[in-house]
1. Could you say whether any residue in the stretch 303-313 is open to solvent by less than 20 Å² (accessible area, probe 1.4 Å) and within 21 Å of Ser8 (Cβ to Cβ)?
2. Residues being of a type outside the set (Ser, Thr, Tyr) and not in a loop (DSSP other than H, G, I, E, B): count how many of those fall in the stretch 159-186.
3. Pull out all pairs, ordered by first then second residue, where Cβ-Cβ is under 9 Å, the residues are six or more apart or on different chains, the first lies in the stretch 340-357 and is on the phi > 0 side of the Ramachandran plot, and the second is of a type in the set (Gly, Ala, Ser) and not in a loop (DSSP other than H, G, I, E, B).
4. May I ask you to list the residues in the stretch 197-232 that are among the polar types (S, T, N, Q) and either touching a residue at least 60 places away in the same chain (Cβ under 8 Å) or not in a helix (DSSP H, G or I) (or both)?
5. Please give the number of the condition Thr314 fails out of (1) in contact with a helix residue (DSSP H, G or I) (Cβ under 9 Å, 6 or more places away or on another chain); (2) assigned to a loop (DSSP other than H, G, I, E, B).
6. Please verify whether Thr182 is within 22 Å of Leu31 (Cα to Cα), in contact with a strand residue (DSSP E or B) (Cβ under 7 Å, 6 or more places away or on another chain), more than 15 Å from the ligand (Cβ to nearest atom) and among the polar types (S, T, N, Q), treating the condition exactly as stated.
7. Give me the residue from the stretch 102-135 that is exposed (fewer than 14 other Cβ atoms within 10 Å of the Cβ) and within 16 Å of the ligand (Cβ to nearest atom) and, out of that set, nearest to Val92 (Cα to Cα).
8. Determine which member of the set Ser194, Ser149, Ser190, Ser169 is more than 16 Å from the ligand (Cβ to nearest atom), among the polar types (S, T, N, Q) and in contact (Cβ under 8 Å) with a residue 12 or more places away in the chain.
Amino acid sequence: MTRSAVASVDVAAVRHNLTVVRQLSPQSKILAVIKANGYGHGIVRIARALSGADGFGVAHLEEALALRAARIDKPIIVLQGFSDALELQTMVEHRLEPVIHQFEHIEMLESTVLARPLTVWQKINTGMHRLGFALDDALKAWQRLRACSQVDAIRLMTHFANSDVPGDSFTLQQLELFDRITAGLPGERSVANSAGVLLWPQSRMDWVRPGVMLYGISPVAGTDAAALNLRPAMTLTGRVIAINAVRQGARVGYGGAWTATADTHVGVVGIGYGDGYPRHARSGTPVLVNGQRVPLVGRVSMDMLCVDLGPAPTVKVGDAVVAWGVGLPVEEIAQSSSTIPYELVCKVTPRVHIVEQDHGQG
Ligand SMILES: *Cc1c(COP(=O)(O)O)cnc(C)c1O
């Protein structure tokens, strides 16, 4: 039996989604966030599809070097900065732009001899309490960066904690703190993630930093991607590998977690958590078989999952299955698995072949 799960990635959809970002923030430069292997879509593939972006954001040096090795020569921002002098020198060598989020970074900048000055992004903590200078330290940190001869441009940034909630007052507070603390400082500013681009026009500023929306996924709970004019980039597909008649009362899968309430047919699909399908997807989670929604039944296993095809199925072994993507939003599968779509696309495992498609203009 050949492998079943394949993720097709439609680069035209990615290009289309970039145009949506452009339309929403025509005055801003776009830093396309492609960390975590392009949210599981393939970092180099996505960088090439997004040649219309103004720069790329990645989490780590290694991700940035993968892009440079593929001759991606746009600005690349490394969101977690650097951890030692060698990493800092490597960043200079490859013209990478680190985020500076703690005084240790400034000390390394002051004490390391660099081949040329570098552009940095100073991150300020306005309430997320993850990375960034405390409000009380932000000005002092900026002054030290300005005084450092090895620093070229200083850009200013912060990150939202709650921006996916429309009208959220904490987001307004973060915006207000950012404006107050950076008032009077020169330099370009960047605040908006995807939800900022979509819901918070005042956060767009000089650079927007969309991630998830570029992959055609809605960051806003309860608003689907189609309503935002986004097209899903990834479709995770598989095949029916067996169909079994099952009697009323029979229990299906590990733990016998699902019991047939009537005589039916169970389709076995060659996708499991070993491919990245969430093991916690509940019975009833929709699966598309030949374009029709059927319910997942029983526990998802490593290489397979089961669906209820009903008493008189027309489905045959070998028929096509969509686990998520075009025709079945990944947001729905996430909801039904108590997680977020970001996690699902990031966790597609290496054994899944990624097939690139280019479905038209965009
Ligand atoms: C991941 C990330 C983004 C992109 O967030 P999305 O919700 O995917 O748009 C933007 N900025 C920072 C600092 C990030 O870590």
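1. yes
2. Count: 11.
3. Qualifying pairs under 9 Å: none.
4. Listed by number, the residues that qualify are Ser218, Thr223, Asn229.
5. (1)
6. yes
7. This residue is Arg130.
8. Ser149
The values are calculated or read from the model by the stated rules, or taken from the named source; none is laboratory data. Note that the structure is a prediction, hence the values are computed from the model and not measured. Note that we place each Cβ from the backbone using ideal geometry, even for glycine, and neighbour counts take in every protein chain shown. All accessible areas refer to the heavy atoms of the entire protein, side chains included, with ligands and DNA or RNA removed. Shrake-Rupley method; radii C 1.70, N 1.55, O 1.52, S 1.80 Å.
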